[in-house]
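Working notes for the structure below.
The values are calculated or read from the model by the stated rules, or taken from the named source; none is laboratory data. This one's a predicted model, so the numbers in the text were calculated from it and none came from an experiment. Cβ coordinates were reconstructed from backbone atoms using ideal geometry, including for glycine residues, and neighbour counts include every protein chain displayed.
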Amino acid sequence: MTAYAHITGWGKAIPERVLTNRDLQRIVDTNDEWIVARTGIRERHIAADYQTTASLAVDASLKALEVASLKPAAVELIIVSTSSPEHLFPATACLVQDRIGAKSAGAFDLLAACSGFIYALNMATQAIRSGSVQNALVIGSETLSRLVNWTDRNTCILFGDGAGAFVLQASETPAGVLSAIMRSDGSGGELLAIPAGGSRYPTSLETINDGLHYIKMNGREVFRFATRVMAQATQEVVEKANLTMKDIQLIVPHQANLRIIETAMRNLEFPMDNCIINLDRYGNTSTASIPIATCEAIQDGRLKPGDRIVFVGFGAGLTWGAAVVEWSGPFPGLHKFRPARYRLYFRFRSFLRRVWRHIEAIIWGRHNPSI
Ligand code: UT7
């Protein structure tokens, strides 16, 4: 029996603090007119000190689980797509797993930059279609404000923080993720990168002095690449689903630059009115931009069950990808469940596990002094 991966839950988490273009004018040599004309961005949200990639991911996930009426304990797979993980390891997905009490879930991070959410959606879909899992939580979460150089006007005007999450569940009804493509071209890796902090250039006084822990970007080249692949990937993924562009009601593109999106829609002869744009208010939230924009489309009544939509994105790597989804919404007849109410319980559970591990270490340490 073929299983289809339906998107049955969604949620977003946006930090409250807003940084406008005029605020940026006071930090770097830029101005509101330039930023709006060249990017379409007017403001972005910046994480507060207490917010992290995992905490935003948890907030978005609990909302998504509530929409899907799925208990965290029943989640089988968690994929966090991020370019701003909390650590090199452990994976941010494991922090999320612990904080939402998803005790039956495997959890890992996926790094495909701004295309990451599409990659993660496809990986979760394949896990469901193969019968390996019955459901998955797919999250895009970023705190790139912590990785930009606030003196580099080429990059600091672009990025914002936020998270979005989808719950995917298996169903025999044909719908959900109909097709997906993932592409990469590592020869363009240096066009958008954080050079140091990994094993190639471990953190040293030199890497810090050279500013190699910040985002470096060749904006013009990334722009050229993006305008080329966005329309191409959309056409390819629609064909793969045995559909034509006439069958598509909505496109949710990666929110990087309005000019890139307009060029892609022009090439596709697809009306801008049917394309979700929110980068004016959020900037580029990288891998979180597609799920955040989708949540807003649902909120605004622009996405209804039965609609066919395309997610399409590009990013560092270089990577790009697209997916066609037939929107379904939550499975009917489920009992309402509010996972956010259990936050304290999840913390307590995590605390107890730590205490128990400590006790075990003492017991085992006594009996096995060699360990
Ligand atoms: O998720 C993927 C992430 N990356 C992207 O999506 C980036 C894609 N690229 C872009 O969005 C655009 O290339 C940028 C918005 C980054 C830059 O726009 P552009 O139209 O490609 O500008 P440019 O780099 O060609 O620069 C044009 C001029 C330059 O001045 P000169 O050399 O012509 O005198 C820049 O120094 O604009 C100047 N400039 C700025 N001026 C005011 C560059 N950044 C700024 C700024 N404010 N923030």
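Can you tell me which residue is nearest to residue 44 (Cα to Cα) among those in segment 137-177 that are of a type in the set (S, T, N, Q) and within 13 Å of the ligand (Cβ to nearest atom)? Restricting to residues being of a type in the set (S, T, N, Q) and within 13 Å of the ligand (Cβ to nearest atom), the top hit is 155.
Quick check: is even one residue across segment 328-347 touching a residue at least 12 places away in the same chain (Cβ under 8 Å) and on the phi > 0 side of the Ramachandran plot? Yes: one or more hits. Among the residues of segment 324-358, those identified as in a loop (DSSP other than H, G, I, E, B), among the hydrophobic types (A, V, I, L, M, F, W, C) and in contact with a Ser or Thr (Cβ under 7 Å, 6 or more places away or on another chain) are 331, 334, 337. When the residues of segment 221-260 are narrowed to those that are of a type in the set (D, E, K, R) and within 16 Å of the ligand (Cβ to nearest atom), which ends up nearest to residue 42 (Cα to Cα)? Once the filter is applied, the top-ranked residue is 259.
Cβ-Cβ distances below 7 Å connect the following pairs, each with a first residue in segment 178-197 that is at pLDDT 95 or above and more than 16 Å from the ligand (Cβ to nearest atom), a second residue that is of a type in the set (Val, Ile, Thr) and assigned to a strand (DSSP E or B), and a separation of six or more residues or different chains: 178/324; 178/325; 179/324.
Consider segment 72-92 and keep the residues that are surrounded by fewer than 23 Cβ atoms within 10 Å (Cβ to Cβ) and among the aliphatic types (A, V, I, L, M). The one that is nearest to the chain's Cα centre (by Cα) is 91. Could you check segment 151-202 and list, in sequence order, the residues that are surrounded by 15 or more Cβ atoms within 10 Å (Cβ to Cβ) and of a type in the set (D, E, K, R)? Hits for segment 151-202 are 152, 153, 161, 183. Whether any residue in segment 306-320 is among the acidic types (Asp, Glu), within 16 Å of the ligand (Cβ to nearest atom) and modelled with pLDDT of 95 or more is what I want to check. Looking through segment 306-320, none of the residues is among the acidic types (Asp, Glu), within 16 Å of the ligand (Cβ to nearest atom) and modelled with pLDDT of 95 or more.
Of all residues in segment 281-304, those satisfying the criterion of being of a type in the set (Val, Ile, Thr) and either farther than 18 Å from residue 143 by Cβ or within 12 Å of the ligand (Cβ to nearest atom) (or both) are 285, 287, 290, 294, 298.
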